[in-house]
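For reference, the structure discussed in these notes is given below.
The values are calculated or read from the model by the stated rules, or taken from the named source; none is laboratory data. Values in this document were obtained by computation on a predicted structure and should not be read as measured data. Cβ atoms come from the backbone with ideal geometry, glycine included; neighbour counts cover every protein chain shown.
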C-alpha cells in the first residue's frame, strides 16, 4: 500500500469509528469531566480547580485549595480544546474522537507489524468494537478517559518500536502513558526488551547487554525523564512532595471495606473472579442478559481475544508482548479495587495494545468461519454492553 493510500485509509478508520461511536450514544451526557476543569485551571494560571459541579467527588483539598488526584495526561491532551471551548467542552465527544484515533493507530500498528491487510482490518474491528473500548468511548467519564489516554501512548510507543525504534520517542510515549495511569509502568521492562530485540544485530542473550542495547536503554530513560519530571513538579507544587499524587488521599473512602490496604495478594481472587469467571446476570425481559456493575469476564465480553494464545510462542516478539500483558495484570490483580459501574473489565485496556498484536498474529492460519463467528459474537456482546450502559445511566 502506497503512503498516500495508507493515509487515506487511516483517516477513514478514524472517521468511521468515531462516527459509529457517536451514533451509539448521540445524547453525549458529558458526566464527570474532572480533566476539563484541570485543563481550564492551567489555562488560567492555576493548579487548583474551581467551578466544577457540586456532586463531583475524588478531589483532594490542601490548604483550602481543591486539586485533582488523576494523572495529568488527559488534561494535557485537552489543552487546545479547552482553550477554544472552555469548560463547555464536551468530554464525552472528546473521548469518542480519541477512541477513534486509537482505532486508527491500532490499524497503522498492525500494518507495520506485518500481519497483512486482512488481519490488520480484523484486528482493528476487534480493538474498536469487540472489546470494552466501545463502552469506554461512549461513556467517556474521567476514569474511562484515562484508559483511552493509556492506549494512545502505548500504541504510539509500539508504532515506534516496530518502526524506526528511536529510544527517546519510545520513552516519551511510555512516560505519558504512565502519567495517565501509573500502573502501566509495570510493563515498561517488556516494552524495553521488545525494543532491544527489534534493534538487535546479533542473536542470543548478549543482544540485550551490548553497547547498542545500553545506548538504546539510556535514550529510553532520557525520553522518560521529561514526563517524569513534569509529574514530580506537579506533585511538589500541589502537595509538597514529588511522590505524592494525591490519589492516596482521594481514594481513602474506597478503602473502608478493604481490610488489607492498597496492595495485597489476597485481592487476587477478586480480580480473577471479575476478569475471568464473572458471567452475565439473567433477567426475565429483553434482552435477557444484563451485566453486573462490578464487571464481567473478558471471556464473555470478548471471546475473540482467545486467538492471542494462537500466536507462535517461539517468536521472541510474542514472548515480550505476553510479558507486557502479564506485567500489566501483575500490577492490577493485587490492587484493592477492581472497578465499579463498568461493563466488562475496563482494566483490560491497559494491556490491550500489547494483546491486539498477539490476536492479529494469532489469526494466521485460522479458519475464517471460526474467526468471523467469534468476532461477530464479541461485537454483539459489546453492543449489548453499550445498550445497558445507556439504559442504566452508567
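Descriptive notes on the structure:
- Count of region 233-245 residues, restricted to those that are in contact (Cβ under 8 Å) with a residue 40 or more places away in the chain, surrounded by 16 or more Cβ atoms within 10 Å (Cβ to Cβ) and in a helix (DSSP H, G or I), is 3.
- Checking the stated criteria, residue 311 turns out to be touching a helix residue (DSSP H, G or I) at 6+ places or on another chain (Cβ under 6 Å), at pLDDT 95 or above and farther than 30 Å from residue 286 by Cβ.
- Under the condition of being under 15 Å from the mean Cα position of the chain (by Cα), farther than 24 Å from residue 316 by Cβ and either in a helix (DSSP H, G or I) or at pLDDT below 95 (or both), the residues counted in region 152-180 number 4.
- Of the set (1) over 21 Å from residue 388 (Cα atoms); (2) surrounded by fewer than 15 Cβ atoms within 10 Å (Cβ to Cβ), all apply to residue 340 but (1).
- Odd one out for residue 249, checked against (1) more than 19 Å from residue 71 (Cβ to Cβ); (2) not in a loop (DSSP other than H, G, I, E, B): (1)
- The set of residues from region 246-274 being touching a helix residue (DSSP H, G or I) at 6+ places or on another chain (Cβ under 6 Å) and surrounded by 13 or more Cβ atoms within 10 Å (Cβ to Cβ) comprises just one member, 246.
- Looking across region 276-291 at every residue that is surrounded by 15 or more Cβ atoms within 10 Å (Cβ to Cβ) and in contact with a strand residue (DSSP E or B) (Cβ under 6 Å, 6 or more places away or on another chain), the one that is nearest to residue 394 (Cα to Cα) is identified as 290.
- Counting only helices (runs of 4 or more DSSP H) that fall entirely inside region 1-99 and contain at least 3 residues that are touching a residue at least 12 places away in the same chain (Cβ under 8 Å) and more than 28 Å from residue 382 (Cβ to Cβ), the qualifying elements are 34-43, 79-85.
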